[in-house]
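One structure is given below, encoded as structure tokens.
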Number of protein chains: 2
Amino acid sequence: MQKILISTDIKRLMKSEDNSALQKFCEDKHPADIADILSSLAPTEIWKVLSRIEDQLTAEIFSHLGDETQMKVVSSLRRSDLAHLMTNLSSDDRVDLIKKLPENKQDALLPALAHAEREDIRRLASYPEETAGSVMTSEYVALTASITAGEAIAKIRLEAPDKETIYYAYVTDSKRRLLGFVSLKDLILAKPTTLIKDIMETDVIFANVSDDQEDAARKIGKYDLIALPVVNGNNTLVGIITHDDALDILNQEYTEDMEKFMAIAGKHEAGTYLSTPTLVHYKNRAIWIVTLAAIGLISGIIVHSFSGTLMQLMILALYMPMIADTGGNCGSQAATVIIRALAIKEISTKDAFKVFFKEIKIALLISITLGLLGFGKVLLLSGSKDAPVGYSLKTIAFAIALAMSVQVISATIIGAMLPIFVTKMKLDPAIVASPALTTIVDIIGLTIYFTTAKLMLGI
Amino acid sequence: MQKILISTDIKRLMKSEDNSALQKFCEDKHPADIADILSSLAPTEIWKVLSRIEDQLTAEIFSHLGDETQMKVVSSLRRSDLAHLMTNLSSDDRVDLIKKLPENKQDALLPALAHAEREDIRRLASYPEETAGSVMTSEYVALTASITAGEAIAKIRLEAPDKETIYYAYVTDSKRRLLGFVSLKDLILAKPTTLIKDIMETDVIFANVSDDQEDAARKIGKYDLIALPVVNGNNTLVGIITHDDALDILNQEYTEDMEKFMAIAGKHEAGTYLSTPTLVHYKNRAIWIVTLAAIGLISGIIVHSFSGTLMQLMILALYMPMIADTGGNCGSQAATVIIRALAIKEISTKDAFKVFFKEIKIALLISITLGLLGFGKVLLLSGSKDAPVGYSLKTIAFAIALAMSVQVISATIIGAMLPIFVTKMKLDPAIVASPALTTIVDIIGLTIYFTTAKLMLGI
């Protein structure tokens with residue numbers, strides 16, 4: 001309702017020629033909200049609004065538009081307008097945008113930018129995706145150790161408009177090597193004549209350009225930072241990652257984890273479910289589904305190898321789905337708990353034994369519960385007519401329940417230990433995702449099921 | 001390696017009686033790191049270190065200890081020491097800690113605290129878990145609109161040591177109603193004589209005390225905030241939530257989402273996998289597993305109702321696991337993609353039709369792929385001897401492959417649409433979690449399988 005009202009407001013302002021009214025309207029709200037409102041307009045109309053307000057505000061609102069809307073707006077722009085917009089974007093947003101442009105557009109655009117910006121883009125774009133280097137911005141405040149707190153505040157005041165944050169400032173030497181850090185709080189609390197070198201924190205928490213972006217984001221969380229400095233191999237300060245980027249990174253990583261966990265391949269970019277072509281969705285999903293179906297051949301072969309047993313004891317076929325489902329569920333639960341505990345560092349691979357004993361205990365309790373339920377289920381669903389001559393239904397029910405219990409224990413232990421093993425191998429534990437695990441647990445479960453039946457019933 | 005060295009350092013410092021050396025050692029590192037090092041010591045030893053350093057630093061390091069370690073340390077303290085520690089903790093950490101104490105300890109402790117602190121605890125503790133009110137702190141900077149920027153900076157400087165953040169200040173009237181907000185950046189950039197009311201932002205982004213903590217955290221992310229003010233029903237400012245709390249909240253919510261998704265009940269508190277008793281783990285997991293096993297009765301009944309068909313065509317039993325696994329996998333994938341897209345607002349329930357058509361297209365492609373694979377699999381694994389007299393293996397393989405294709409389409413559509421339907425019903429889409437979905441899809445899949453076979457093969 002409110003959004004519609006505001007959207008009407010903006011349409012009215014667009015019709016009038018009063019740029020200052022439009023500027024005031026956009027200034028009074030948060031850029032993220034203005035971006036939300038503009039998103040419902042056509043790309044050319046969005047630009048009509050943005051081109052009439054101040055450059056800095058244009059850049060801020062633009063950076064809050066979704067990826068797709070940004071691309072649509074950009075493709076409707078003349079080269080000179082685009083170059084002008086680029087100049088005003090913050091350095092990390094700028095390089096993100098340019099990386100998304102088609103190569104011929106990139107080549108056409110770069111010469112239109114100032115030399116310093118071109119160099120900045122080239123430098124930032126050179127870091128591989130998902131590294132700390134690829135998400136940092138070069139717009140940080142740098143100070144020298146020999147100036148005073150008062151001088152530092154004066155310098156910060158001067159540079160504030162061009163910086164991503166002014167609340168943290170980094171102290172560097174003449175070769176831009178990171179020596180220390182001061183917060184604006186420290187500067188304000190210090191006497192104006194105090195030297196920076198006397199108040200700076202020298203034990204600086206930092207990331208390396210090649211660090212994983214998720215590790216950098218987690219550092220920001222662990223140490224409650226507003227920004228994290230990023231250095232290269234020579235300890236030269238090359239950028240910072242800010243707290244708001246950390247939130248975005250964790251959101252993105254979480255989505256990718258979830259999808260990996262459900263065996264969906266590919267990278268997840270924000271805001272693209274509907275716009276991603278069907279064929280890309282197909283490719284991302286089918287890769288794993290087909291792989292798993294291929295692995296499923298093994299369970300097919302196992303069932304086939306027991307087809308003699310099945311022929312004799314048809315009743316076993318009736319409870320195959322129960323064994324498979326329960327095993328998959330127990331394994332997935334255990335894996336979820338462990339993968340997550342590993343991810344947030346509640347446990348490490350060194351705790352393998354502790355986890356093993358804990359899971360054994362949990363599995364035993366669940367297996368007794370489900371074994372009893374399974375026994376009751378067989379007695380409830382099947383009649384003595386389902387039992388072939390020479391076997392009592394109770395004996396068969398007991399064999400099925402026993403197989404079920406063994407399957408619960410094995411599935412739980414596999415689900416819990418496989419992620420630890422995979423982590424130990426320096427792989428991402430999410431690859432033992434739920435579908436992959438279900439497939440493995442099924443193969444083992446069917447073997448347990450038929451073997452138990454054969455041994456117990458002497459077929 | 002470094003950690004061992006540091007831990008040795010601290011043990012050496014503990015033996016000496018030089019408090020200032022210990023103070024300096026703890027000051028030079030980030031409190032989170034000191035907390036990490038101390039965690040390996042016994043609770044009484046941790047307190048031996050903390051009691052010898054300055055109160056403020058003690059509180060900071062203490063608040064970075066894990067929940068369990070905190071409780072162990074606290075239970076070893078005398079009441080007076082605990083009251084003293086409480087006084088120095090930030091207001092949100094204080095109330096978190098007190099809520100975890102057993103009730104008799106709470107009652108014993110409260111009278112030992114100053115009146116103002118007691119009131120603060122009582123107020124903060126009154127907000128229900130998971131609300132914005134329950135995670136906010138009352139240590140924010142409040143300004144009046146009539147003072148100047150220079151006066152505001154002087155006030156902030158004075159109050160800085162007791163505030164959670166000084167980078168955002170909130171402007172309130174005499175009744176503490178929220179009027180506006182200024183950042184320290186605004187204050188520093190303004191002329192010292194400018195009045196606050198002339199520079200304050202009046203369109204303040206805020207949360208209500210009763211809002212969900214996750215929504216509050218997402219607001220901090222969306223608007224790139226360092227802190228979010230929290231108001232009660234009368235628009236009275238009652239606290240703030242800081243950016244670092246937002247990261248913690250999102251992490252906690254992710255874990256709970258993941259676990260819900262894998263059908264694990266209960267609340268997840270950070271740092272507790274190993275310390276949570278086996279029986280609690282059992283309860284959280286078994287609730288769902290048992291429920292699903294009960295629902296699984298339905299698939300048991302279905303398989304039973306087709307046992308005549310199975311008797312005639314044993315070969316169908318051999319491919320039941322393939323049908324079940326593939327359906328579960330396809331449904332889970334679709335559900336994961338859609339639940340996540342809903343969570344990060346890529347799509348809304350209004351997009352139901354668009355999602356439906358997109359998923360139909362994806363499902364068709366996957367179903368053709370898997371249908372062909374299924375056909376080949378039957379021909380590969382089974383020989384003509386598996387086909388009963390009167391049926392060619394190819395006909396049977398075709399029937400199985402067709403059933404597989406139908407199952408892929410139905411599972412994908414159910415997996416995609418169910419979360420949207422559940423969201424529309426104002427429920428959490430994560431309740432159609434992977435195991436729950438697998439169970440539903442299995443029931444439908446088995447019905448499709450046997451019905452297709454009966455119709456095609458005329459049994």
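Here B:Pro128 meets each of (1) open to solvent by 40 Å² or more (accessible area, probe 1.4 Å); (2) over 23 Å from B:Arg218 (Cβ atoms) with one exception, condition (2).
Within the set B:Ser367, B:Ser384, B:Ser405, the sole residue that is hydroxyl-bearing (Ser, Thr, Tyr) and open to solvent by 60 Å² or more (accessible area, probe 1.4 Å) turns out to be B:Ser384. As for segment B:331-345, it holds at least one residue that is within 19 Å of B:Leu418 (Cβ to Cβ), of a type in the set (Ser, Thr, Tyr) and at pLDDT below 85. Applying the criterion of being more than 13 Å from chain A (Cβ to nearest Cβ) and not in a helix (DSSP H, G or I) to the residues of segment B:210-224, the residue that is nearest to B:Asp248 (Cα to Cα) is B:Asp212. Here the condition is being at the interface with another protein chain (Cβ under 7 Å from one of its Cβ atoms), open to solvent by 40 Å² or more (accessible area, probe 1.4 Å), over 27 Å from A:Leu316 (Cβ atoms) and of a type outside the set (A, V, I, L, M, F, W, C); of B:Lys345, B:Lys361, B:Lys350, it holds for B:Lys361 alone. Residues in segment A:296-307: is at least one part of a loop (DSSP other than H, G, I, E, B), more than 27 Å from B:Arg340 (Cβ to Cβ) and at the interface with chain B (Cβ under 7 Å from one of its Cβ atoms)? Looking for residues that are part of a loop (DSSP other than H, G, I, E, B), more than 27 Å from B:Arg340 (Cβ to Cβ) and at the interface with chain B (Cβ under 7 Å from one of its Cβ atoms), one finds none in segment A:296-307, hence no.
Looking across segment B:164-189 at every residue that is polar (S, T, N, Q) and crowded, with 18+ Cβ neighbours inside 10 Å, the one that is nearest to A:Ile34 (Cα to Cα) is identified as B:Ser183.
Checking every residue in segment B:316-332 against the condition of being without any contact (Cβ under 8 Å) to a residue 12 or more places away in the chain, more than 9 Å from every other protein chain (Cβ to nearest Cβ) and in a helix (DSSP H, G or I) gives zero matches. Report whether or not B:Leu178 is modelled with pLDDT of 95 or more, under 32 Å from the mean Cα position of the chain (by Cα) and of a type in the set (A, V, I, L, M, F, W, C). So B:Leu178 fits the description; yes.
Screening B:Pro388 against (1) of a type outside the set (Gly, Ala, Ser); (2) more than 30 Å from A:Gln252 (Cβ to Cβ); (3) part of a helix (DSSP H, G or I); (4) in contact (Cβ under 8 Å) with a residue 40 or more places away in the chain leaves a single unmet condition, (3).
As a summary of the residue check, A:Phe375 satisfies the conditions (1) within 23 Å of B:Ile302 (Cα to Cα); (2) open to solvent by less than 10 Å² (accessible area, probe 1.4 Å); (3) at pLDDT 90 or above except for the one numbered (2). Among the residues of segment A:22-57, those identified as outside any loop (DSSP other than H, G, I, E, B), open to solvent by 10 Å² or more (accessible area, probe 1.4 Å) and closer than 22 Å to A:Asp96 by Cα are A:Pro31, A:Asp33, A:Asp36, A:Pro43, A:Thr44, A:Trp47, A:Asp55, A:Gln56, A:Leu57. Tell me, please, whether a residue that is basic (Lys, Arg), over 22 Å from B:Ser90 (Cα atoms) and within 37 Å of the chain's Cα centre (by Cα) can be found in segment B:152-160. No: segment B:152-160 contains no residue that is basic (Lys, Arg), over 22 Å from B:Ser90 (Cα atoms) and within 37 Å of the chain's Cα centre (by Cα). Every listed requirement among (1) open to solvent by less than 30 Å² (accessible area, probe 1.4 Å); (2) within 14 Å of chain A (Cβ to nearest Cβ); (3) not in a strand (DSSP E or B) is met by B:Pro192 save one, (1). Only one of the listed residues (B:Asp245, B:Asp203) is within 14 Å of chain A (Cβ to nearest Cβ) and either open to solvent by 50 Å² or more (accessible area, probe 1.4 Å) or touching a Phe, Trp or Tyr at 6+ places or on another chain (Cβ under 7 Å) (or both). That residue is B:Asp203.
Checked against (1) over 20 Å from the mean Cα position of the chain (by Cα); (2) more than 8 Å from chain A (Cβ to nearest Cβ), B:Gln252 passes all but condition (1). The condition of being outside any loop (DSSP other than H, G, I, E, B), of a type in the set (D, E, K, R), within 14 Å of another protein chain (Cβ to nearest Cβ) and out of contact with any Lys or Arg (no Cβ under 9 Å at 6 or more places or on another chain) holds for only one of B:Asp9, B:Asp81, that being B:Asp9.
The single condition among (1) out of contact with any Lys or Arg (no Cβ under 7 Å at 6 or more places or on another chain); (2) in contact (Cβ under 8 Å) with a residue 60 or more places away in the chain that A:Thr349 does not satisfy is (1).
Residues in segment A:273-316 that are among the hydroxyl-bearing types (Ser, Thr, Tyr) and under 27 Å from the mean Cα position of the chain (by Cα) were compared, and the one that is nearest to A:Ile443 (Cα to Cα) is A:Thr291. If you go through segment B:164-176 and keep only what is small (Gly, Ala, Ser) and assigned to a loop (DSSP other than H, G, I, E, B), you end up with just B:Ser174.
Would you mind finding the one in B:Lys283, B:Lys260 that is open to solvent by 30 Å² or more (accessible area, probe 1.4 Å), modelled with pLDDT under 75 and in a helix (DSSP H, G or I)? Checking each option against the conditions leaves just B:Lys260.
Pairs linking a residue in segment B:289-303 that is under 21 Å from A:Leu316 (Cβ atoms) and without any contact (Cβ under 8 Å) to a residue 24 or more places away in the chain to a residue that is open to solvent by 60 Å² or more (accessible area, probe 1.4 Å) and of a type in the set (A, V, I, L, M), with Cβ atoms under 6 Å and 6 or more positions apart or on different chains, are B:Ala293/A:Leu373.
The values are calculated or read from the model by the stated rules, or taken from the named source; none is laboratory data. Computed from a predicted structure; not experimentally measured. Heads up, the Cβs are rebuilt from the backbone with ideal geometry, glycines too, and the neighbour counts pull from every protein chain shown. For accessibility, only protein heavy atoms count, side chains too; no ligands or nucleic acids. Shrake-Rupley method; radii C 1.70, N 1.55, O 1.52, S 1.80 Å.
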